[in-house]
Amino acid sequence: PILVTRLLHVSGAELVSRLPMIIGKNRNPLHDFGGSCTYLKRYALLAMLGLTADMDMDGDFADDKPAAKVEHQQTTTVPGIPPEENKLETDEVDELITQIKALSDGKKQDITTAFCFAFKHSEVKLTRARISRRKHQTWIQDWLKAHA
């Protein structure tokens with residue numbers, strides 16, 4: 001069996017991946033098939049988008065383990081998407097988190113509250129997943145300059 005994954009763009013362009021399915025024989029056959037589909041879809045999309053799987057670092061920066069250093073690549077802009085909506089590279093997010101971690105506890109709370117208010121998050125929690133766009137980077141850098 002082969003898993004076909006299609007990534008479609010509004011312009012009509014598409015990327016197609018065809019991966020042979022490797023199905024284990026450890027559990028229930030349906031679980032093995034479902035697990036194979038899930039992993040292959042994830043890895044096909046990551047490969048098509050040129051992304052790498054990353055550790056889940058959410059949780060108020062609780063994990064102080066250093067993230068693996070990722071070589072910086074120039075950010076690709078996507079036609080039709082405003083520049084401020086473009087995604088940040090992993091190393092850019094890491095740099096912002098390092099700057100936030102260096103703040104005093106009071107300032108960390110202040111930037112968290114202000115960030116969540118500015119971007120309309122109902123839960124006041126600043127996580128790696130919430131710092132993902134160019135507009136977030138600009139906002140954090142401006143806040144840090146204003147509160148230095």
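The values are calculated or read from the model by the stated rules, or taken from the named source; none is laboratory data. Computed from a predicted model, the values in this text were never measured in an experiment. Backbone-built Cβ (ideal geometry, glycine too); neighbour counts: all protein chains shown. For the accessible areas, the whole protein counts, side chains as well, though only heavy atoms, and no ligand, DNA or RNA atoms are used. Shrake-Rupley method; radii C 1.70, N 1.55, O 1.52, S 1.80 Å.
For this structure, a couple of remarks:
- Condition met for Asp91 (under 30 Å from Arg6 (Cα atoms), modelled with pLDDT of 85 or more and either among the charged types (D, E, K, R) or open to solvent by 80 Å² or more (accessible area, probe 1.4 Å) (or both)): yes
- If you go through segment 4-13 and pick out every residue that is charged (D, E, K, R) and either exposed (fewer than 10 other Cβ atoms within 10 Å of the Cβ) or in contact with a Pro (Cβ under 6 Å, 6 or more places away or on another chain) (or both), you end up with 0.
- Number of residues in segment 14-32 that are open to solvent by less than 100 Å² (accessible area, probe 1.4 Å), assigned to a loop (DSSP other than H, G, I, E, B) and not polar (S, T, N, Q) equals 3.
- In segment 113-134, of all residues being in a helix (DSSP H, G or I) and in contact with an Asp or Glu (Cβ under 8 Å, 6 or more places away or on another chain), the one that is surrounded by the most Cβ atoms within 10 Å (Cβ to Cβ) corresponds to Arg128.
- Residue match in segment 137-148 (condition: open to solvent by 50 Å² or more (accessible area, probe 1.4 Å), more than 20 Å from Asp91 (Cβ to Cβ) and polar (S, T, N, Q)): no
- Residue that is nearest to Thr52 (Cα to Cα) [pool: residues in segment 113-136 that are touching a residue at least 40 places away in the same chain (Cβ under 8 Å) and more than 12 Å from the chain's Cα centre (by Cα)]: Arg134
- Residue within segment 33-47 that is in a helix (DSSP H, G or I), open to solvent by 70 Å² or more (accessible area, probe 1.4 Å) and more than 30 Å from Lys87 (Cα to Cα) present: yes
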